[in-house]
Structure formats: structure tokens, C-alpha cells
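In what follows, a single structure is set out as C-alpha cells and then discussed.
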Amino acid sequence: MREGDKLTVTDGKGFFYECILIQANPKQCMVSIQNSIEKPKGWDYNLRVAFAPTKQMERNEWFVEKAVEVGIDTVIPILCHYSERKDIKTERLEKIAVSAMKQSQQAFLPEIEKLTGFKDIISRPFNGKKFIAHCYDLPKEPLAQHYKKGKNVLILIGPEGDFSQEEVEEAIAAGFEPVTLSESRLRTETACLAAVQTIHVINSL
């Protein structure tokens, strides 16, 4: 781009800015803001997914990309007993989130938290519905039957080997409701996206 060109930028906090490029070089540029346009997120509830990252990083990136396109407030990587990945570069996920936000022409950038321990996430205060999706043969019902339209929501998704039964019990004791996302067994990233989409569909009805 050249000086004098028009462009639109976002702050990731709900605003687009129509600008004119007044200084350009390979390392940085300067713009003059001509107009601001508010574009808040398209939902009025807080949607958070805490998931155990998969061993293949590209699958974690896929979930973040699609979740941002569909709409999410916070992504929280968690460390569980059967986690395949013990660390994760959140900086890479943040870049994926920025790219997905721009590609989908949104002005709201979700938060990507640092890797958090399972006990830390279940003990964290949260004003809304809390769910844990697991595959054990224990009493549970579909997410769509438990979630109430308009409510803030935090959903826990486990690793490929599922949560440990102890983790499930600890989460339930901490106020999380056990749910299922599908009649079939889903990969971690698929389960995450299914949970996000389910919440949005319920709220659109």
C-alpha cells in the first residue's frame, strides 16, 4: 500500500476504523483515523470453552480458527490427567485468532488464555452455566437439554483419552453438569466446535 491509500482496521474490541495511510515503510506504518464504526459481537452471553489440547498442533489451531469464525469469548487450554500435550504456544493460537477475526470480518477478538490446570479451572468463579462433556457410562444428557438460552456458559472438553473419572467427579462436585455432545465419539477439536455451535443455535431459536 502507498501513502494516501484508504484502509479499514479494527481494535479487536468491537470497533472498525476507516483510515488513510499517511506513512508507510516495511517495518511500521502510520494512519489517520477518519471514522469509527461500532460492531459489537453478535451475541449477548459469555461463551467459554476449556479444552485439553491435542498432540497435533494443527488440530488445536483448526478449532481456534473455526470457533472465532462462529463466535466465542474465551478459549482456555487445560492440562488434564490424560492430556497428550503438556504445553502449548498460545502466541501461535493468538495469531490464528487474529487471522480468523479479520477473515470473518469481525471486530471482536476472543481471549486465548495460557495453559491452565484442571483443578484451577473448576475452582474458578464463574457466573453462568458450567458443563463437563465426557464419555463415561454415567448419567448425563445432551448439552442442548441442559443449557438455558441467554445464559453465560463454560464448557469443559477433555483429551482424546477423556477426563479421568476422578476429574469428572471433581468437576461435578464443583458445580459442573455432565453432558454429552453427540451420540458418536468425537475428536477433541470436533467436540469443542460442536459445543460452541450448539450454544449459538439454541440462542438463535
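Read-outs: derived from the displayed coordinates by stated rules, not from any lab. It should be emphasised that the depicted structure is a prediction, and the values quoted were computed from it without experimental measurement. Methodologically, a virtual Cβ is constructed for each residue, glycine included, from the backbone with ideal geometry; neighbour enumeration extends over all protein chains shown.
Place +1 on the Cβ of every Lys and Arg and -1 on the Cβ of every Asp and Glu in segment 1-92, take the dipole about the Cα centre, and give the residue among Ile72, Val31, Ile88 whose Cα lies farthest towards its positive end.
My answer, from the dipole projection, is Ile88.
Amide H to amide H, which residues 5 or more places from Thr54 or on other chains are under 5 Å from it, using H placed in the peptide plane?
Placed amide hydrogens put Asn60 under 5 Å from Thr54.
In deg cm²/dmol and to the nearest 500, what is the mean residue ellipticity at 222 nm of the chain if only DSSP H runs of at least 4 residues count, each as -39500 (n - 2.57), divided by the residue total?
Numbers: 6 runs with 64 residues, N = 205.
Counting only the DSSP helices, I get -9500 deg cm²/dmol.
Restricting to bridges with both residues inside the chain, how much of the DSSP beta-bridge set is antiparallel, in percent to the nearest 5?
Values: 15 of 38 bridges.
In the chain, approximately 40 percent of DSSP beta bridges are antiparallel ones.
Show me, for segment 180-191, the HN-Hα J-couplings you get by feeding each phi into the Karplus relation (A = 6.51, B = -1.76, C = 1.60, θ = phi - 60°), rounded to Hz, glycine and proline as x.
Once θ is set to phi - 60°, the couplings for segment 180-191 become 10, 10, 6, 6, 9, 7, 9, 5, 4, 5, 5, 4 Hz.
For the chain, modelled as a Gaussian network with Cα springs under 10 Å, which listed residue fluctuates most, Asp137, Asp11, Asp120?
Asp137
Could you check the spin-label model distance between Ser104 and Ser32? Points 7 Å from the Cα along Cα→Cβ, value in nm.
Between Ser104 and Ser32, the simple spin-label model gives 3.5 nm.
In the structure displayed, which of Lys66/Lys95; Lys86/Lys119; Lys13/Lys119; Lys6/Lys66; Lys41/Lys114 lie more than 19 Å apart, Cα to Cα?
Details: Lys66/Lys95 13 Å; Lys86/Lys119 15 Å; Lys13/Lys119 30 Å; Lys6/Lys66 29 Å; Lys41/Lys114 23 Å.
With Cα atoms farther than 19 Å apart: Lys13/Lys119; Lys6/Lys66; Lys41/Lys114.
Of (i) 18.2; (ii) 17.4; (iii) 19.8, which one was derived for Kirkwood radius over Cα pairs in Å from the structure shown?
(i)
Can you compute 3J(HN,Hα) from phi for each residue in segment 81-94, using the Karplus curve 6.51 cos²θ - 1.76 cosθ + 1.60 with θ = phi - 60°, rounded to whole Hz and x for Gly and Pro?
4, 9, 4, 7, 10, 8, 8, 8, 8, 5, 4, 5, 5, 5
Pick from Ala24, Ala171, Ala107 the residue whose mean-square fluctuation is largest in a GNM of the chain, springs joining Cα atoms under 10 Å.
Ala24
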